[in-house]
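So the structure is just underneath, and the comments pick up after that.
We did not get these values from a lab; they are worked out from the coordinates using the rules stated. Quantities reported herein were computed from a predicted structural model and do not represent experimental measurements. No Cβ is skipped: glycine too gets one built from the backbone with ideal geometry, and neighbour counts run over all protein chains shown.
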Amino acid sequence: MKPLLNRIVLSGCGLSTEQTRILDNLAKELRARMVTDFRAMDHIHRCCSEAKMKLQLHQIWCFYYKRPGLFNGCHMFLWGNFSDPYPSRKELETLIKAGGGIVLAREPNPESIPEKEQTVPFHSNVDDPLGNCSHYILYQEGNSEPQIKYDMAHIKSLPLIWLYSCIERFQLLPPFI
């Protein structure tokens with residue numbers, strides 16, 4: 001059996017010249033194979049969505065450079081039910097956890113956030129709209145949205161597309177409520 005490092009295949013698309021250079025260096029140090037077309041890869045898990053693959057690449061990047069995950073410092077509650085075009089609640093929880101976020105079992109009370117949950121996201125600046133936000137209520141846009149949507153410094157209600165946009169760009173984006 002080949003060592004795991006010999007089986008890692010990386011592919012970057014839409015990267016700047018500098019990002020491509022960094023990814024090439026990472027591939028060399030991990031002894032990974034670089035490909036420019038997903039069809040050239042030996043094996044891709046068919047069940048993985050594009051967002052999940054991007055988040056997995058981000059995990060490798062964070063692990064290699066010893067940086068916290070994209071959602072580090074974020075406590076997220078999945079409000080309501082989720083259906084097409086989004087994955088199941090369980091798959092969404094996996095995405096959040098893979099990015100270093102914490103999935104909450106119950107909706108947070110904006111008036112009473114436990115002290116241990118009063119964190120700030122690692123990947124935001126204090127001056128950003130999310131600079132002091134520790135809690136996020138994510139919902140699927142449509143007929144069954146929450147009646148109360150929060151836009152407080154420490155808690156935000158955001159549509160699920162926000163989560164996917166953050167993964168797509170590897171950064172916590174300003175909320176678009």
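For the range 75-169, taking Cα atoms only, what is the radius of gyration to one decimal and the Dmax to the nearest whole Å?
Radius of gyration, then largest Cα-Cα span, for the range 75-169: 12.9, 36 Å.
Taking 0.36 nm per intervening residue step and subtracting the Cα-Cα distance, what contour gain separates R169 from D128 on full extension? Write down the numbers at each step before the final one.
Details: separation 41, 0.36 × 41 = 14.76 nm, distance 1.61 nm.
Full extension from R169 to D128 adds 13.2 nm.
Write down the Å³ per residue value for the convex hull defined by the alpha carbon atoms of the range 116-177.
On the way: hull volume 5.4 nm³, N = 62.
Hull volume over Cα atoms, normalised by residue count, gives 87 Å³.
Based on the Cβ-Cβ distance of A105 and D84, what FRET efficiency does E = 1/(1 + (r/R0)^6) give at R0 = 22 Å, to the nearest 0.05? Each step should come with its number before you reach the end.
Values: r = 25 Å, r/R0 = 1.13.
Efficiency, rounded to the nearest 0.05: 0.35.
For the peptides 108-119, 147-158, 16-27, what is the packing order when you average, over each peptide's residues, the other Cβ atoms within 10 Å and list the highest mean first? Don't skip to the answer; put the middle values down first.
Details: 108-119: 11.3, 147-158: 15.1, 16-27: 12.9.
The densest-packed peptide leads the list: 147-158, 16-27, 108-119.
Picking from I148, V126, L78, whose Cα lies most toward the positive end of the charge dipole for the range 75-169 (charges on Cβ: Lys, Arg +1; Asp, Glu -1)?
The residue sitting farthest along the positive end of the dipole is L78.
For L158, enumerate residues with amide H under 5 Å from its amide H, sequence gap 5+ or separate chain, H modeled in the peptide plane.
Sorted by chain and number, the residues that satisfy this are I137, L138, Y139.
Just to be sure I understand the model, the point goes 7 Å from the Cα along the line to the Cβ. What's the resulting E93 to E117 distance in nm?
1.5 nm
Would you please put 161-170, 122-131 in order of how densely packed they are, using the mean number of other Cβ atoms within 10 angstrom per residue and starting with the highest? The partial results should precede the final answer.
Working: 161-170: 17.8, 122-131: 14.8.
Per-residue Cβ counts within 10 Å, averaged per peptide and sorted highest first, yield 161-170, 122-131.
For a quick check: with amide H placed at 1.01 Å from N, whose amide H comes under 5 Å from V103's, ignoring anything fewer than 5 positions away on the same chain?
The list, which skips near neighbours in sequence, is M76.
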